[in-house]
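Down below is the structure, laid out as structure tokens.
The values are calculated or read from the model by the stated rules, or taken from the named source; none is laboratory data. Quick caveat: nothing in here was measured; it's all calculated off a predicted structure. All Cβ positions, glycine included, derive from the backbone under ideal geometry; neighbour counts span all protein chains shown. Just the protein is used for accessible areas: all its heavy atoms, side chains included, with ligands, DNA and RNA removed. Shrake-Rupley method; radii C 1.70, N 1.55, O 1.52, S 1.80 Å.
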Amino acid sequence: EDQVTQSPEALRLQEGESSSLNCSYTVSGLRGLFWYRQDPGKGPEFLFTLYSAGEEKEKERLKATLTKKESFLHITAPKPEDSATYLCAVWRGYQKVTFGTGTKLQVIP
Amino acid sequence: EAQVTQNPRYLITVTGKKLTVTCSQNMNHEYMSWYRQDPGLGLRQIYYSMNVEVTDKGDVPEGYKVSRKEKRNFPLILESPSPNQTSLYFCASSPLPWDTQYFGPGTRLTVL
């Protein structure tokens, strides 16, 4: 059965304290892996797309990496405005998408 | 402005009363999809559409219908809503499958 698992469920960091979020997946026919940020009551906002193992993408304090079994979202020196829920999603087969349940990040000043 | 719009944003209804949630995108995207989001379960795909008149089931299609008569619109229909369909619903679109999906603002539905 296709599965996407994110860990930890929640993470509390001090401002400036770097950490990583994990997204592990077991899907048949992975076509791509996406990271989104979601603020309370709003739609997910796109961050990164990764298509093949070894690929890395960076944007400001965020860096996403991909292996054959998992992806990491590294957050360097986070700020309070980085507080949000971070979602991982995989395109599988040809047209379907499976999301993880997310990691809720809180960055304390 | 490129966007996905949904209406209504909030809806409270009663069991069995048919309703439609509209979704429209102005980016000429081929692929559109509906999701529901529930605490502890994340976003789950309900239906998706590859193009006009081409739709298929996602992981949780029971109790829902969709149609794609125009490329820009992808309404979600609940013909006989039940309380277990109380949820936050998102519409999304992407240029093609495997592309970045752009999400609407969400519709919070309560079925009493």
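How many residues are facing chain B (nearest Cβ under 10 Å) and out of contact with any strand residue (DSSP E or B) (no Cβ under 6 Å at 6 or more places or on another chain) when one looks only at the range A:75-91?
The total comes to 0.
Please go through the range A:36-67 and give me each residue that is closer than 23 Å to B:Arg108 by Cα and surrounded by 13 or more Cβ atoms within 10 Å (Cβ to Cβ), ordered by number. Working first, answer last.
Taking the range A:36-67 and keeping what is closer than 23 Å to B:Arg108 by Cα, we get A:36-46.
Across the range A:36-67, the qualifying residues are A:Tyr36, A:Arg37, A:Gln38, A:Lys42, A:Gly43, A:Pro44, A:Glu45, A:Phe46.
Mind listing whichever residues of the range A:68-91 are hydroxyl-bearing (Ser, Thr, Tyr) and open to solvent by less than 10 Å² (accessible area, probe 1.4 Å)? Give the derivation first.
Initially, the range A:68-91 is screened for residues hydroxyl-bearing (Ser, Thr, Tyr), giving A:71, A:76, A:83, A:85-86.
A:Ser71, A:Tyr86, listed by residue number.
Let me spell it out: the conditions are (1) in contact (Cβ under 8 Å) with a residue 24 or more places away in the chain; (2) crowded, with 21+ Cβ neighbours inside 10 Å, and B:Asn7 meets all of them except one. Which number is the exception?
Of the numbered conditions (1) in contact (Cβ under 8 Å) with a residue 24 or more places away in the chain; (2) crowded, with 21+ Cβ neighbours inside 10 Å, the odd one out for B:Asn7 is (2).
Counting only residues that are within 14 Å of chain A (Cβ to nearest Cβ), in contact (Cβ under 8 Å) with a residue 12 or more places away in the chain and either under 13 Å from the mean Cα position of the chain (by Cα) or open to solvent by 60 Å² or more (accessible area, probe 1.4 Å) (or both), how many does the range B:40-65 have?
Of the residues in the range B:40-65, 13 are within 14 Å of chain A (Cβ to nearest Cβ), in contact (Cβ under 8 Å) with a residue 12 or more places away in the chain and either under 13 Å from the mean Cα position of the chain (by Cα) or open to solvent by 60 Å² or more (accessible area, probe 1.4 Å) (or both).
So which pairs qualify, if the first residue must be in the range B:81-107 and within 10 Å of chain A (Cβ to nearest Cβ) and free of Cβ contacts under 8 Å to residues at least 24 places away in the same chain, the second must be open to solvent by less than 10 Å² (accessible area, probe 1.4 Å) and of a type in the set (A, V, I, L, M, F, W, C), the Cβ gap must be under 9 Å, and the two must be at least 6 apart or on different chains?
Pairs found: B:Trp98/A:Trp91; B:Thr100/A:Phe34.
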